[in-house]
Amino acid sequence: MGKREPVIATLGSHSALQILKGAKDENFPTLVIAPEDKKDFYKRFRFIDEIISIPNYLDFPKIEKLLFKKNVILIPHGSFVAYLGLEENKKMRIPYFGNREVLDYESDRQKQREWLIKSDINVPLQFRGVADINYPVIVKSYGAAGGKGYFYAKNKRDFQKKIGALKDRNFIIQEYVIGVTLYIHYFYSLLTNKLEILSMDRRYETNVDSLGRIPLTHQEQLNIEPSYVVVGNSPLVLRESLLPEAFAMGERVVEKSKQLIGGKGLYGPFCLETVITPDQKFYVIEISCRIVAGTNLFMDGSPYSSLIYNEPMSTGRRIAREIKLALKENKLEQVLN
Ligand code: AMP
Ligand code: AMP
């Protein structure tokens, strides 16, 4: 990377607004790469200095040379793997905030599970096949799809009835954990070696989060199946007595990643997606190794970020702050991949 000031760039979707607003708050030039039909949308925002439009998200790797010329640092988010796929992501050579090796874990639920178990984290039971299903289960396809295509089955028979309709052949069968869902947004800094909790959210999913609005007797007549498609997020603060374990879980996965994952392990933003049961145990249903969209709630900071920073600190801004700090200490190579 040359001496010119880097430009912070990302793909126009998911958490792009937060990332670029945060970059501008840290005084970086900003760039969004967006499909033609989203150009006018991104033009609305003053903190975006430049828009490059492409015909389709899939055309993104084709402009890599141009991005090199512009001295771009790319900030990945949930759309990178969802729209471009794992291999395309790993092929790109543009300086990237985060460890690309971690993507193998982002896209493989089995690998994720082993990492979590080795980090001494509770995970829901998993079933190998229909024969051993003896609880209600949730069946999930692979990859970040915002809950799309998942289904709930109350027993073996129900599972057999529904599995035929699942298009993806890569799926897992998990015990359905009944409790409060909570997504914890962490940031681990390689420069300070500290783990921060910046915020937390709950997802709002259709229609599972709205079933309770219809009385049970009416639900019975409607024959509704729960679905888990995310439409938005809402905030939640955690009982203070559960916070120490929230920090400890984050620290354990970071520590284990240094042994399991190549390069520098997991760093930057990540999220543990948990369900908390009545005995106050966290069950981790997934780990996202990048910024999650629930952080969009906290573009102006959260109760947790205010415990660390005396200024509004979103996850997007925290990423830019880390890059700024690395530039100042001449350690940019350390935080990029
Ligand atoms: P979008 O920008 O809405 O096209 O979303 C890009 C990808 O991120 C898709 O795979 C979505 O399912 C996922 N995604 C978007 N928003 C959220 C959210 N609030 N929570 C979880 N996943 C999301
Ligand atoms: P995920 O894509 O793994 O984050 O899951 C999306 C949504 O599915 C979650 O927000 C929950 O509503 C639901 N879910 C996933 N796994 C489980 C589980 N093991 N038990 C109960 N609900 C789950």
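If you filter region 160-248 for trypsin sites (Lys or Arg not before Pro), then keep DSSP loop positions with at most 14 other Cβ within 10 Å, what is left? Display every interim value, and only then the final one.
Working: sites: Lys161, Lys162, Lys167, Arg169, Lys194, Arg202, Arg203, Arg213, Arg239; in loops: Lys167, Arg169, Lys194, Arg239.
Sites meeting the loop and neighbour criteria: Lys167, Arg169, Lys194, Arg239.
With Cβ to Cβ distances under 15 Å as the rule, what net charge do the other residues near Lys65 carry (K, R +1; D, E -1)?
Details: positive: Lys62, Lys69, Lys70, Lys91, Arg93; negative: Asp59, Glu64.
For residues surrounding Lys65, the net value is +3.
Measuring from label point to label point, each 7 Å out along Cα→Cβ, what is the Gln221 to Thr206 span in nm?
Placing both labels 7 Å along Cα→Cβ, they lie 2.4 nm apart.
Kyte-Doolittle mean at least -0.5 and Cα extent at least 18 Å along the axis: which DSSP H helices of the chain qualify?
Details: long enough: 243-260 (26 Å, -0.27); 315-328 (20 Å, -0.41).
Span-like helices here: 243-260, 315-328.
Give a quick list of trypsin sites (Lys or Arg not before Pro) in region 254-337 that DSSP marks as loop, anything other than H, G, I, E or B, with at most 15 other Cβ atoms within 10 Å. Write down the numbers at each step before the final one.
Details: sites: Lys256, Lys258, Lys264, Lys281, Arg290, Arg317, Arg318, Arg321, Lys324, Lys328, Lys331; in loops: Lys264, Lys281, Arg290, Lys331.
Filter output for region 254-337: Lys281, Lys331.
Place a +1 charge on the Cβ of each Lys and Arg in the chain and a -1 charge on the Cβ of each Asp and Glu, then give the dipole magnitude about the Cα centre in debye, rounded to the nearest 20. Mind showing how you got there, number by number?
Values: 48 positive and 40 negative charges, 142 e Å.
With only Lys, Arg, Asp and Glu charged at Cβ, the dipole is about 680 debye.
Work out how much length Lys65 to Gln280 would gain on full extension: take 0.36 nm times their residue separation and subtract the Cα-Cα distance, in nm to one decimal. Provide the component values of the computation, followed by the final result.
Working: separation 215, 0.36 × 215 = 77.40 nm, distance 5.05 nm.
Going from the current span to full extension adds 72.4 nm.
State the antiparallel share, in %, of DSSP beta bridges confined to the chain, rounding to the nearest 5.
Details: 39 of 52 bridges.
Expressed as a percentage, antiparallel bridges in the chain total about 75.
Please work out the C-alpha center-to-center distance from region 47-78 to region 131-184 and express it in whole Å.
First find each Cα centre; the distance between them is then 35 Å.
When the chain is modelled as a GNM with alpha-carbon springs shorter than 10 Å, which of Ser13, Ser227, Ser241 fluctuates the most?
Ser241
Note down the nm distance, to one decimal, between modelled labels 7 Å out along Cα→Cβ at Glu87 and at Glu329.
3.8
What does DSSP give for region 7-96 in terms of the percent of beta bridges that are antiparallel, rounded to the nearest 5?
Numbers: 0 of 13 bridges.
Roughly 0 percent of the beta bridges in region 7-96 run antiparallel, per DSSP.
Give me the net charge of Arg317's neighbourhood, meaning all other residues with Cβ under 11 Å from the Cβ of Arg317; Lys, Arg count +1, Asp, Glu -1.
For residues surrounding Arg317, the net value is 0.
Compute the Rg to Rh ratio over region 126-175 from the alpha carbon atoms, using the Kirkwood formula for Rh, and round to two decimal places.
Details: Rg = 10.1 Å, Rh = 10.9 Å.
That ratio is 0.93, to two decimals.
So, taking all protein chains as they sit and a 1.4 Å probe, how much accessible area belongs to Ser257, in Å² rounded to tens?
0
Quick one: grab the alpha carbon gyration tensor of the chain, order the square roots of its eigenvalues as a ≥ b ≥ c, and give me rounded if a/c is under 1.5, else prolate or oblate depending on whether a/b is larger than b/c.
It is prolate, given that a/c is not under 1.5 and a/b is the larger ratio.
For a protection proxy built on the mean count of beta-carbon atoms within 10 angstrom, sort 24-33, 51-60 highest first, please.
24-33, 51-60
Please report the carbon-and-sulfur percent of the accessible area for the chain; probe 1.4 Å, protein heavy atoms only, DNA, RNA and ligands left out. The partial results should precede the final answer.
Details: 8450 of 16480 Å².
Taking all protein chains in place, the chain shows 51 percent carbon and sulfur surface.
Using label points projected 7 Å from each Cα along Cα→Cβ, tell me how many nm separate Glu245 and Ile178, to one decimal.
Going by the 7 Å Cα→Cβ label model, 1.9 nm.
At R0 = 45 Å, how high is the FRET efficiency between Asn310 and Leu166 if r is their beta carbon distance? Nearest 0.05 is fine. Provide the component values of the computation, followed by the final result.
Working: r = 49 Å, r/R0 = 1.09.
After rounding to 0.05, the efficiency reads 0.40.
Filter the trypsin sites (Lys or Arg not before Pro) in region 87-131 down to the DSSP loop ones having no more than 16 other Cβ atoms within 10 Å, then list what survives. Present the calculation step by step, with values, prior to reporting the outcome.
Working: sites: Lys90, Lys91, Arg93, Arg100, Arg109, Lys111, Arg113, Lys118, Arg128; in loops: Arg93, Arg128.
Answer by residue number: Arg93, Arg128.
Report the residue, chosen from Val230, Val102, Val284, that carries the largest GNM mean-square fluctuation when the chain is represented by alpha-carbon nodes joined by springs under 10 Å.
Largest GNM mean-square fluctuation: Val230.
Roll a 1.4 Å probe over the protein chains and send me the accessible area per residue for the chain in Å². Let's see the in-between values first.
Working: 16480 Å² over 337 residues.
Counting only protein heavy atoms, the per-residue value for the chain is 49 Å².
Checking the cross-link filter: which aspartates and glutamates have an alpha carbon closer than 14 Å to that of Lys24, excluding same-chain neighbours under 8 positions apart?
Cα-Cα hits under 14 Å: Glu5, Asp49, Glu50, Asp300, Glu322.
State the number of lysine pairs found in region 26-113 whose Cα atoms come within less than 15 Å, restricting to pairs 8 or more positions apart or on distinct chains. Show your work: numbers first, answer last.
On the way: Lys62/Lys70; Lys62/Lys90; Lys62/Lys91; Lys65/Lys91.
Qualifying lysine pairs in region 26-113: 4.
Given the options Val275, Val137, Val231, state which has the largest fluctuation in a GNM of the chain using a 10 Å cut-off (strictly under) for Cα springs.
Per the Cα network of the chain with a 10 Å cutoff, Val231 tops the list.
Give the lysines whose C-alpha is closer than 23 Å to that of Lys194, dropping any in the same chain fewer than 8 places away, or say none.
Within the straight-line cut-off, Lys194 pairs with Lys118, Lys256, Lys258, Lys264, Lys324, Lys328, Lys331.
Quick check: Cα centre of region 231-305 to Cα centre of region 82-109, how many Å?
20
Using only the Cα atoms of region 7-96, what semi-axes does the equivalent ellipsoid have when each is the square root of 5 times a gyration tensor eigenvalue? Give whole Å, largest first. Walk me through the intermediate numbers first.
Working: eigenvalues 71, 42, 30 Å².
So the three semi-axes of region 7-96 are 19, 15, 12 Å.
The values are calculated or read from the model by the stated rules, or taken from the named source; none is laboratory data. Computed from a predicted structure; not experimentally measured. With ideal geometry, Cβ positions are generated from the backbone for all residues, glycine too; neighbour counts draw on all protein chains shown. Only protein heavy atoms, including side chains, enter the accessible area calculation; ligands, DNA and RNA are left aside. Shrake-Rupley method; radii C 1.70, N 1.55, O 1.52, S 1.80 Å.
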